[in-house]
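First the structure, in the form of structure tokens, and then the observations on it.
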Amino acid sequence: MRFVLSLLVILLTAPVLAAGWSSYHNARYGATADVPPGFTKTGPEAPNGKGLTFRNKQGSSLVTIYGDNVSGGNFEAYVEQLIKDLKAFEGWNVQGKRVTPDWAELDASSGPTILRVRVVASCNGSRVAVAKYQGRIDNALISHLFRSLKSDGC
């Protein structure tokens, strides 16, 4: 009975949770993901055309969505370089990673702030779409963001 009740609650609230989300599409790399309600652009698209960063109203959380080329089509090497960059240039303590041939997820922290990253391979491994969430833990937001991340066009 509890299972049925829980399922009903999820089914009835899912459309409400999705309300207010907008979508961002990067024309250069085909990276697309949903932007949470209340998040606004921090500025124009990067000069290199890779993507955008969005900040919540409180200024405590960031969502970054972008695309990139993968040198030599080596997805695992791309993810390893991303981890090195997060550690060396941004000071994140990368605590976990899950890497498959088609996607990767990274978990990192810096004090009370967490970073979650999802990378999706496309174009036979020659491109990626990336979504990053930085802020306090918000599993529902992160889950929606990561599920919405897509890459199209080669």
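The values are calculated or read from the model by the stated rules, or taken from the named source; none is laboratory data. Predicted, not measured: the structure shown is a model, and the values here were computed from it. Methodologically, a virtual Cβ is constructed for each residue, glycine included, from the backbone with ideal geometry; neighbour enumeration extends over all protein chains shown. Accessible surface areas use protein heavy atoms only, side chains included; no ligands, DNA or RNA. Shrake-Rupley method; radii C 1.70, N 1.55, O 1.52, S 1.80 Å.
Would you mind classifying the range 80-154 by shape? Square roots of the alpha carbon gyration tensor eigenvalues, ordered a ≥ b ≥ c; an a/c under 1.5 is rounded, otherwise it is prolate if a/b is larger than b/c and oblate if not.
Oblate is the answer for the range 80-154, as a/c is 1.5 or above yet b/c matches or exceeds a/b.
Suppose every Lys and Arg Cβ carries +1 and every Asp and Glu Cβ carries -1, with no other charges. What dipole size does the range 52-148 come out with about its Cα centre, to the nearest 20 debye?
Charge dipole of the range 52-148: 320 debye, to the nearest 20.
Counting pairs of Cα atoms in the range 43-130, how many percent are more than 17 Å apart?
So the portion of pairs separated by more than 17 Å is 53 percent.
Can you tell me what percent of all Cα-Cα pairs in the range 112-154 are more than 16 Å apart?
Tail fraction, whole percent: 41.
Take the Cα of ASN74, step 7 Å along the line toward its Cβ, and report every residue of the range 91-117 whose backbone nitrogen sits under 14 Å from that point.
Of the residues in the range 91-117, none has backbone N under 14 Å from the label point off ASN74.
Using modelled backbone amide H atoms (1.01 Å from N, in-plane), which distant-in-sequence or interchain residues come within less than 5 Å of VAL35's amide H?
Those qualifying (amide H under 5 Å, at least 5 residues apart or on another chain) are SER22, SER23, TYR24.
Between SER110 and CYS154, with labels modelled 7 Å along Cα→Cβ, what's the label distance in nm to one decimal, could you check?
Result: 3.6 nm between the two label points.
Which one of ASN48, ALA19, CYS123 is farthest out on the positive end of the charge dipole of the chain, using unit charges on Cβ (Lys, Arg +1; Asp, Glu -1) and the Cα centre as origin?
Among ASN48, ALA19, CYS123, the one farthest towards the positive end of the dipole of the chain is ALA19.
So how much slack lies between LYS57 and ALA140, counting 0.36 nm per residue of separation and subtracting their Cα-Cα distance, in nm?
Difference between extended and current length: 28.1 nm.
Checking the cross-link filter: which lysines have an alpha carbon closer than 24 Å to that of LYS87, excluding same-chain neighbours under 8 positions apart?
LYS50, LYS97, LYS132
Heavy atoms only, probe 1.4 angstrom, no DNA, RNA or ligands counted: give me HIS144, HIS25 ranked by accessible area, highest first.
The most accessible residue leads, giving HIS25, HIS144.
Please give the length that would be gained between ARG147 and THR100 if that part of the chain were fully extended, namely 0.36 nm times their separation in residues minus their C-alpha to C-alpha distance (nm, one decimal).
Taking 0.36 nm per residue and subtracting the Cα distance, the gain is 15.3 nm.
Each residue of the range 50-60 in order: what ³J(HN,Hα) in whole Hz does its phi give by Karplus 6.51 cos²θ - 1.76 cosθ + 1.60, θ = phi - 60°, with x for Gly and Pro?
For the range 50-60, the Karplus-derived couplings read 6, x, 9, 10, 10, 10, 6, 4, 6, x, 9 Hz, x marking Gly and Pro.
Give the span of the chain's Cα atoms along each principal axis, as three whole-Å numbers ordered largest to smallest.
The Cα atoms of the chain stretch 52, 35, 31 Å along their principal axes.
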